[in-house]
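**Student:** Just passing along the structure, written as structure tokens.
The values are calculated or read from the model by the stated rules, or taken from the named source; none is laboratory data. Source: prediction; values computed, not measured. Backbone-built Cβ (ideal geometry, glycine too); neighbour counts: all protein chains shown. Note: areas computed on protein heavy atoms with side chains; ligands, DNA, RNA excluded. Shrake-Rupley method; radii C 1.70, N 1.55, O 1.52, S 1.80 Å.
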Amino acid sequence: DNLHLPMIDRLQKPVISGCSLLLVPAVICVLLLIPAEPLEAQQASRSMDRDTLQTGDIFRYHMRLQEVEDFDEVIYPDSADFGADFVIRNRQVITDDRGDSLIYTLQFFGVDTQRVPELHAGLREGADTLFVVIPAASFIYEPRVDDEEAELRPLKPIFPFLRNWWPWILAALVLAAVAVFLWYRYRDRLFGQTVAEEVPEPVAEPFRSPLKKLRTKLKWIETSYKKPATQAKAYYTEIGDAFRTYFELTHHFPAMESTTGEVIRELERRRFDEEVIRLTSSILQEADLVKFAKHQPNESACRDVMEKSLELAGRIAETDRTKIEELRNRHEEEQQRKLTEDHRNDLG
């Protein structure tokens, strides 16, 4: 029997090795199938109260985050995350035992967008922040303006100008020149004394604050348009141009020749106050709706846009205080230099 033991050991070793080779992959598969505790256990969902939107429509966007009670802070999406096509009118956070619900009241200003973009909510715990993805929400865009091409109006006939007026115009100019010459030559005889020419003393030009011009313009608009809804296009155009002129005079970029999107991007690039950007975007986009999308606001909407304009002017007065003071100092230095040069020229 002892003679057969080595043979038995040699036969058993390959069997054990083969079992080991089969057991290792099985253990790996079992480990892979066991679900590890996910780092991002939170779930996010969203819904809209409308599936069709037109430019200028206001709708509710409902967002729910679950299992957020273990985190120190929840960072919700803001106006920059929604993009330029959506403006946040209001938002409300509701907390219950299942998580947080955030209800946004949004106004849509797009013309070719068909979905609310994908958003990210931040969950902060200590120094770490976990971002949860809120999927994009699709909707159907319905344009306000008909796509049918308008019929071209017939060209009006070209009327010839009457050339026989030119001799009379030239004769009138000659007579005016002769009358002026005679006046300066014989005025001493007519009045009996020489009229002394008074040379005005150079005076420094006062500084005209762009902020004061903006507020004066808004006050004039509010006083001039008693019923703004009947002249909505001119009313909204005056308000939008008042702020565009202010940005040109104070921050020196071509706001009057820029689109609303270009103005907002320039304000964001220059790191303007977020409230200034939000109010400016709302006012200019509402003006675009009235001017280009045939939107007809009522008296209440016209009063609301004036209240927002006055609020924006007050916000600008706070954030641009240093900028206005720099412009004032620069103007006074320039005027002082100009007066010094004029005085030197007079002495020379």
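**Student:** Using modelled backbone amide H atoms (1.01 Å from N, in-plane), which distant-in-sequence or interchain residues come within less than 5 Å of ARG144's amide H?
**Tutor:** Amide H neighbours of ARG144: THR55.
**Student:** Starting from the amide H of ALA137, placed 1.01 Å from N in the peptide plane, find each other amide H under 5 Å away whose residue is 5 or more places distant or on another chain.
**Tutor:** It is VAL116, by chain and number.
**Student:** Residues of the stretch 191-344: accessible area per residue at 1.4 Å, in Å²? Write out the running numbers ahead of the final one.
**Tutor:** Details: 9700 Å² over 154 residues.
Solvent-accessible surface per residue comes out at 63 Å².
**Student:** Moving to a separate point now. Output wanted: per-residue J couplings in Hz (rounded whole) for the stretch 256-272, from phi through Karplus 6.51 cos²θ - 1.76 cosθ + 1.60, θ = phi - 60°, x for Gly and Pro.
**Tutor:** Ordered by residue, 3J(HN,Hα) equals 5, 8, 9, 6, 4, x, 5, 5, 5, 5, 5, 5, 5, 5, 8, 6, 5 Hz.
**Student:** Further question: What distance in nm separates the simple spin-label points at SER300 and ALA177, each placed 7 Å from Cα in the Cβ direction?
**Tutor:** Going from the SER300 label point to the ALA177 one covers 6.7 nm.
**Student:** Compute the distance in nm between two label points, each set 7 Å from the Cα along the Cα-to-Cβ direction, one at LEU339 and one at VAL111.
**Tutor:** Simple spin-label model gives 5.1 nm for this pair.
**Student:** Also, quick follow-up: Each residue of the stretch 49-63 in turn: what ³J(HN,Hα) in whole Hz from Karplus with 6.51, -1.76, 1.60 and θ = phi - 60°, glycine and Pro shown as x?
**Tutor:** 3J(HN,Hα) across the stretch 49-63, in whole Hz: 8, 9, 10, 9, 10, 10, 4, x, 5, 10, 9, 9, 10, 9, 10.
**Student:** Percent of accessible area on the stretch 228-348 owned by carbon and sulfur, 1.4 Å probe?
**Tutor:** Numbers: 3190 of 6900 Å².
Ligands and nucleic acids excluded, carbon and sulfur give 46 percent.
**Student:** Next question, about the same structure. Residues with amide H under 5 Å of VAL68's amide H, sequence separation 5 or more or different chain, H placed in the peptide plane at 1.01 Å from N; which?
**Tutor:** ASP100
**Student:** Can I ask one more? Rank by packing, highest mean first: peptides 99-112, 253-266, 319-332, 174-187, with packing defined as the count of other Cβ atoms within 10 Å averaged across residues. It would help to have the intermediate numbers written out before the result.
**Tutor:** Numbers: 99-112: 17.4, 253-266: 15.6, 319-332: 13.5, 174-187: 10.0.
The packing order, highest mean first, is 99-112, 253-266, 319-332, 174-187.
**Student:** Averaged per residue, what accessible surface does the stretch 44-138 expose to a 1.4 Å probe, in Å²? All intermediate terms of the calculation are to be shown ahead of the outcome.
**Tutor:** Working: 5000 Å² over 95 residues.
Here the per-residue accessible area is 53 Å².
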